[in-house]
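Some notes on the structure that comes next.
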Amino acid sequence: MKLKQLLSGVKTAYICADLNADVKDVVNHSDKAVKGTVFAALCGEREDGYGYIKNALERGCDIILCDRMPYLRCGYIAVEDAHEAYARMCAALRGDPQNRLRTYAVTGTNGKTTVTHMMCAVFGKAYGENKTALIGGVHNVVCGSVYVSDMTTPDPHELYGLLADAVCAGGEYAFLEASSHALDYGKLAPCRFEVGVFTNLTEDHLDHHVTMESYFESKKKLMPLCKTFIANNDDEYTKTLDCLKFSLHDGDFTATDTKLYNDGSEFTYNGIGKAKIRLGAPGLFNVYNALCAISAAELSGISPEISAAALAGFKGAEGRFERIACKNGAEVIIDYAHTPDALRSALKAARLFCRGGSLWCVFGCGGDRDRNKRPVMGRIASEYADYSVITSDNSRSEDPLAIIDCIMQGFDKEKRYAVILDRREAILFALHNSGEGDAVLLAGKGHEKYEIDSLGKHPFSEKEIIKEYNGKGVD
């Protein structure tokens, strides 16, 4: 594709390059920069792409995309926002697939993965599974083909490639998780979504945003990208937005007569239409998630009766309140809860699975991330669980014992607890000491199949540890 075609939707400040040059790819890693590529020198949180311009040029790259004048003699495109320009060029290179699909986006602190999975199930029921694409943190599914995911919202190079694959496979609908980081970095700038959803806003990512107000402003960047927007009227932040609202109490789309069970829930959906909904996924948070999905679908012309049929068999996304059978008779639940609000909600839902026994919670907090939430999560665990096992959870470059010390600052030490640094040993401790009538919540890892510490990224699967405990061996 000619460079001038790639730049058709990009706000450029200065161009010092041949607009008729043929470009075969746009990359943001210098080791992928070769002849015929544009290297986007992006400034990230931890690294500045400007430090890799020389390497890109030495590898044969022809043109640099930047928001500052490059210090080396080369062809370049200077823009106001290099991140947004990179996203638009990645989309253009792949034929702007986002314009050939009906796209939907979900943002918020908690619930993004489950809501997009629910929406995909509903639209799949209405139009066929081979017509849908799902892009998010657990995995990417394009018209039935499953791809590995390692980011809530993929890098634009991958994102628009996946959407292009969906178009080629005959897909018509795509459902995306929109992280605050992705919105800040303009990953979704080329998109115009049919419906956008804002689930809630609770403390998270303050290492990046610093304040809740800044976090909220980042999330709100999704609104102008959407034709229609719906938000949670029961949330302190999102209820202030001028848009359609969903609620358990008062909104454009509501759930009434809600009943919670240990194997699901039921409620009456009231929107444009009305339907009785029976979910196979437990917890009040999943009632909210279902409200999001059903209302977005109804705004797109899908009746709530079709949504009800689709969600009746929905058991949840991988690692989202996922129940695993255990030989000791306890209910073991794996959940991605890694924020204060998510941990509280997961513990409250897990309590329903205690059959006269105790509620166990195995959890930790991530390193190189928001430190303020650590004591808060400690307090929540001691308040809602009967026995807490505090352990590691992706300590990254930090000392895991220092992280645990922060957690313990908020923990009520009058409550039963154990500190076990090794997460595998912590899980086995909980399994060995729990039994019939107990519930064991493994919080924080969810779908992740790795652990990150100061030595790097290592394979780690909570499901495999449970399987090992059950005596079934490891695959």
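The values are calculated or read from the model by the stated rules, or taken from the named source; none is laboratory data. Computed from a predicted model, the values in this text were never measured in an experiment. Neighbour counts run over all protein chains shown; Cβ positions are idealised from the backbone, glycine included.
A few points about this structure:
- Hits in segment 22-54 (condition: surrounded by fewer than 17 Cβ atoms within 10 Å (Cβ to Cβ) and part of a loop (DSSP other than H, G, I, E, B)): LYS24, HIS29, VAL34, LYS35, GLY36, GLY44, GLU45, ARG46, GLU47
- Of the strands (runs of 3 or more DSSP E) that lie entirely inside segment 385-458, those containing 1 or more residues that are assigned by TED's automatic domain parsing to the domain that holds ALA350 and farther than 22 Å from ARG320 by Cβ span 387-390, 416-419, 450-453.
- Residues (touching a Phe, Trp or Tyr at 6+ places or on another chain (Cβ under 6 Å), surrounded by 14 or more Cβ atoms within 10 Å (Cβ to Cβ), within 17 Å of PRO400 (Cβ to Cβ) and not charged (D, E, K, R)) located in segment 412-451: ILE420, ALA443, GLY444
- Close pairs (7 angstrom Cβ cut-off, 6 or more residues apart or separate chains): in a strand (DSSP E or B) in segment 92-108, surrounded by fewer than 20 Cβ atoms within 10 Å (Cβ to Cβ) and of a type outside the set (Lys, Arg) anywhere: ARG102/GLU172; ARG102/GLU194; THR103/GLU194; TYR104/GLU194
- One residue from ALA337, ALA430 being under 27 Å from the mean Cα position of the chain (by Cα), of a type in the set (Gly, Ala, Ser) and at pLDDT 95 or above: ALA337
- When we screen ALA297, ALA317, ALA293 for residues that are buried (at least 23 other Cβ atoms within 10 Å of the Cβ), outside any helix (DSSP H, G or I) and out of contact with any strand residue (DSSP E or B) (no Cβ under 8 Å at 6 or more places or on another chain), the only hit is ALA317.
- When GLY313 is tested against the conditions (1) at pLDDT below 95; (2) within 21 Å of ALA439 (Cα to Cα), the lone failure is (2).
- Considering (1) of a type in the set (A, V, I, L, M, F, W, C); (2) modelled with pLDDT of 95 or more; (3) closer than 30 Å to HIS447 by Cα, the lone condition that CYS43 does not fulfil carries the number (2).
- For segment 265-282, the set of residues classified as touching a helix residue (DSSP H, G or I) at 6+ places or on another chain (Cβ under 6 Å), within 20 Å of ALA350 (Cα to Cα) and among the aliphatic types (A, V, I, L, M) consists of LEU279 only.
- Considering segment 338-382, the residues that are hydroxyl-bearing (Ser, Thr, Tyr) and assigned to a helix (DSSP H, G or I) include one that is nearest to THR202 (Cα to Cα), namely SER345.
- Residue match in segment 462-474 (condition: under 15 Å from ILE334 (Cα atoms), in the same structural domain as ASP399 (by TED's automatic domain parsing) and in a loop (DSSP other than H, G, I, E, B)): no
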